[in-house]
1. Does residue 23 satisfy the criteria of being touching a Leu at 6+ places or on another chain (Cβ under 9 Å) and at pLDDT below 70?
2. Identify all residues within region 50-73 that are surrounded by 10 or more Cβ atoms within 10 Å (Cβ to Cβ) and either free of Cβ contacts under 8 Å to residues at least 24 places away in the same chain or in a loop (DSSP other than H, G, I, E, B) (or both); write none if there are none.
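The values are calculated or read from the model by the stated rules, or taken from the named source; none is laboratory data. All values reported here derive from a predicted model rather than from experimental measurement. Neighbour counts are summed over all protein chains in view; Cβ atoms, including those assigned to glycine, are modelled from backbone coordinates with ideal geometry.
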Amino acid sequence: MEHRDFLKRATALTGAVSGLAVARTLLSKYAEAQIMSLTNKRIKAKYVTGDSPGGNSGKMRGYLVYPAGAGPFPAVLVVHDNRGVNPHIEDIARHAELLG
């Protein structure tokens with residue numbers, strides 16, 4: 001079902017105010033779910049790009065998290081999730097790096 005169709009049907013069933021309230025409950029609340037701050041001094045994080053395997057899909061973007069100190073240390077690289085690298089996945093990568 002398309003997003004607009006859902007909102008139209010929810011509004012028709014529950015009224016304009018209730019339809020909007022239902023739609024708001026489906027939105028992601030990334031800031032409320034954040035575990036590891038972007039400004040944590042113990043880790044560094046950045047986006048990196050590289051060629052796709054086989055070279056047939058262009059460039060791929062990943063999120064790299066690694067310790068701030070001198071290494072060598074293990075790192076966490078998230079290349080893609082089924083919904084893309086979103087703020088929630090970035091947060092999990094930062095958390096995993098500190099636990100690792």
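1. The answer is yes for residue 23.
2. Those that are surrounded by 10 or more Cβ atoms within 10 Å (Cβ to Cβ) and either free of Cβ contacts under 8 Å to residues at least 24 places away in the same chain or in a loop (DSSP other than H, G, I, E, B) (or both): 50, 51, 52, 60, 62, 64, 68, 73.
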